[in-house]
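The values are calculated or read from the model by the stated rules, or taken from the named source; none is laboratory data. Nothing here was measured: the structure is a model prediction, and the numbers come from that model. Neighbour counts run over all protein chains shown; Cβ positions are idealised from the backbone, glycine included. For the accessible areas, the whole protein counts, side chains as well, though only heavy atoms, and no ligand, DNA or RNA atoms are used. Shrake-Rupley method; radii C 1.70, N 1.55, O 1.52, S 1.80 Å.
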Amino acid sequence: MTPYEFISKWRTSTLTERSASQQPFLDLCELLGEPKPADIDPFGESYCFERGARKDTGGDGWADVWKRHHFAWEYKGKRRDLDAAFVQLR
């Protein structure tokens with residue numbers, strides 16, 4: 001996948017967050033030549049989709065994609081509140 005193909009595919013998407021949170025990440029892995037979660041961690045112990053975790057502010061939260069000691073990713077649709085996504089990840 002090229003950067004142009006990625007942009008063309010996702011610029012026009014009208015899918016909701018729930019129906020499109022994993023595919024853009026998989027396409028991004030392909031674009032960057034990075035392994036996909038299930039390719040390197042089939043058990044989801046250190047790299048997976050939909051990882052539950054304790055929030056800084058208390059209670060439980062979810063990350064759409066999570067890689068231990070690297071990152072957590074919260075997908076939001078177009079024109080959604082990215083500050084709220086960050087709070088959700090923390």
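Worth pointing out:
- Across segment 44-49, computed HN-Hα scalar couplings (Karplus, 6.51 cos²θ - 1.76 cosθ + 1.60, θ = phi - 60°) run x, 7, 9, 7, 6, 8 Hz from first to last residue, x flagging Gly and Pro.
- Mean residue ellipticity (222 nm) of the chain, computed from DSSP H runs ≥ 4 via -39,500 (n - 2.57), nearest 500: -9500 deg cm²/dmol
- With contacts taken as Cα pairs under 8 Å and at least 6 residues apart, the chain reaches a relative contact order of 21 percent.
- Ordering Pro35, Phe86, Trp66 by the projection of their Cα atoms onto the charge dipole of the chain, which places +1 on the Cβ of Lys and Arg and -1 on the Cβ of Asp and Glu, puts Phe86 at the extreme positive end.
- For volume of the Cα convex hull per residue in Å³, calculated from these coordinates, the label among (i) 190; (ii) 83; (iii) 104: (iii)
- Charge dipole magnitude, Cβ of K and R +1, D and E -1 - the chain, Cα centre, debye nearest 20: 300
- Peptides 17-24, 56-63 ranked from most to least packed give 17-24, 56-63, packing being the mean of other C-beta atoms within 10 angstrom over each peptide's residues.
- A cut-off of 5 Å between modelled amide H atoms, ignoring neighbours fewer than 5 places along the same chain, links Tyr47 with Arg68.
- Element breakdown for the chain at a 1.4 angstrom probe: carbon and sulfur atoms account for 53% of the accessible area.
- Per residue solvent-accessible surface (Å²) - the chain, probe of 1.4 Å: 72
- Estimated vicinal HN-Hα couplings, Hz - segment 55-71 in sequence order (Karplus 6.51, -1.76, 1.60; Gly, Pro = x): 8, 4, 8, x, x, 9, x, 9, 10, 5, 9, 9, 10, 3, 6, 10, 6
- Estimated FRET transfer efficiency when R0 is 22 angstrom, pair Leu82-Thr57 (beta carbons, to 0.05): 0.80
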